[in-house]
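Notes follow once the structure below has been shown.
The values are calculated or read from the model by the stated rules, or taken from the named source; none is laboratory data. What you see is a predicted model; the values in this text were computed from it and never measured. Note: ideal-geometry Cβ built from the backbone for every residue, glycine included; neighbour counts use all protein chains shown.
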Amino acid sequence: MRPKHLYLLDILRGLASLSIVLWHYQHFFWVSAEGSTQLQRATLPLYAILWPFYDKGYVAVDVFFGISGLVFYYLYSEALYDRAVSWRQFWLFRFSRLYPLHFITLLYVAALQAGVKAELGNYFVYSVNTPEQFVLNLFFVQHWMPDRKLSFNGPAWSVSVEILLYAVFFLVATARPTVGGAAVMTALGAVLWNSPIHDIGRGVECFFAGGLAYFLFRRIGFRPLSFGRPFRLIGDITYSTYLLHFPLQLTAAFWIGVLGLTIDFTRPIWLFGYLGAVIGLSIPCYYAFELPAQKWLRSLTASQLSKRPT
């Protein structure tokens, strides 16, 4: 019987999440809504050690897309094709996993950005916080358009793309999940990467490359190892870490501005404080909010759902 949870991937998820959190440390040096900064990367704390994260941390988004593709093919490709998992189940699992925290952080950031604008004169980092963008964020489609803008809780753009990837994967898997289909989608993503919707192309290529990895592992008879359970917490809090780090930065920027504080963010103590706050907030958020919200939403149709891994 194959494992239902790929525990060792939790380590990779954790590293990818850390990469994004460190990449966005530069937000603390933001000084205007137009995007100018007083940042010299070599002055970032512990740059000699952490430079790959500071310089190329954004690449971790591609890692997330690839992990998603591998995991979804592993868990759902055959189940969707055999109709062991219905479209209703599939989308309820996705909605209950992703939307509650997205909704709460969207409301929080929208309210606090309004406060930042009123008190400090400019929005913090993401400045296109219009009613239209709020509606797009509300429905998780903010990054589906060629003229996409980063707004509100900006890092959520990649989750918006993931939702679209799930829809494409659902269609592919219910039709027939094959290595040829995954290869065609990977090639299509590579083409779209150089188009006006390059972020969608980026997601398609990496997601279905993860699908190709699944077929490769199956072909060579690789069986995922069932050990590594202690690492599960790392994977569990990844989504909280990803969606909470910017609201936390926004909160800090608001109070620093209101109180007129001057802080030297090149000092390692502030980096450690930032990482500690993100992780320290993510753990209770997962157990006290994410899990209860998932269970409540899934219980609404519990009589129709069988237990499946998330």
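Overview of values
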quantity	calculated
Flag for V204 being over 28 Å from Q249 (Cβ atoms), modelled with pLDDT of 95 or more, among the β-branched types (V, I, T) and surrounded by fewer than 16 Cβ atoms within 10 Å (Cβ to Cβ)	no
Looking only at region 257-282, and only at residues there that are β-branched (V, I, T) and closer than 21 Å to I20 by Cα, the one that is surrounded by the most Cβ atoms within 10 Å (Cβ to Cβ)	V278
Filter result for the condition that a residue is under 19 Å from T238 (Cβ atoms), surrounded by 16 or more Cβ atoms within 10 Å (Cβ to Cβ) and at pLDDT 95 or above, over L106, L136, L112	L106
Exclusive hit being within 18 Å of F90 (Cβ to Cβ) and in contact with a Lys or Arg (Cβ under 9 Å, 6 or more places away or on another chain), set Y123, Y166	Y166
Check on G235, touching a Lys or Arg at 6+ places or on another chain (Cβ under 6 Å) and either over 30 Å from A277 (Cβ atoms) or surrounded by 15 or more Cβ atoms within 10 Å (Cβ to Cβ) (or both)	yes
Restricting region 40-98 to residues that are farther than 25 Å from A175 by Cα and of a type in the set (V, I, T), the residue that is surrounded by the fewest Cβ atoms within 10 Å (Cβ to Cβ)	I49
Spans of helices (runs of 4 or more DSSP H) in region 136-236 with at least 3 residues of a type in the set (D, E, K, R) and within 21 Å of the chain's Cα centre (by Cα)	198-219
Close pairs from region 174-199: first under 18 Å from L164 (Cβ atoms), partner surrounded by 15 or more Cβ atoms within 10 Å (Cβ to Cβ) and basic (K, R), Cβ under 9 Å, at least 6 apart	G189/R202; L192/R202; W193/R202; I197/R148; D199/R148
Residue, surrounded by the most Cβ atoms within 10 Å (Cβ to Cβ), within region 115-133, restricted to residues that are aliphatic (A, V, I, L, M) and assigned to a helix (DSSP H, G or I)	V116
Residues (in contact with a Ser or Thr (Cβ under 9 Å, 6 or more places away or on another chain) and either polar (S, T, N, Q) or at pLDDT 95 or above (or both)) located in region 80-96	Q89, S96
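Conditions (1) surrounded by 15 or more Cβ atoms within 10 Å (Cβ to Cβ); (2) of a type in the set (A, V, I, L, M); (3) farther than 22 Å from A79 by Cα; (4) in contact with a His (Cβ under 8 Å, 6 or more places away or on another chain), marked per residue:
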site	(1), (2), (3), (4)
F152	yes, no, yes, no
S158	yes, no, yes, yes
T174	yes, no, no, no
S195	no, no, yes, no
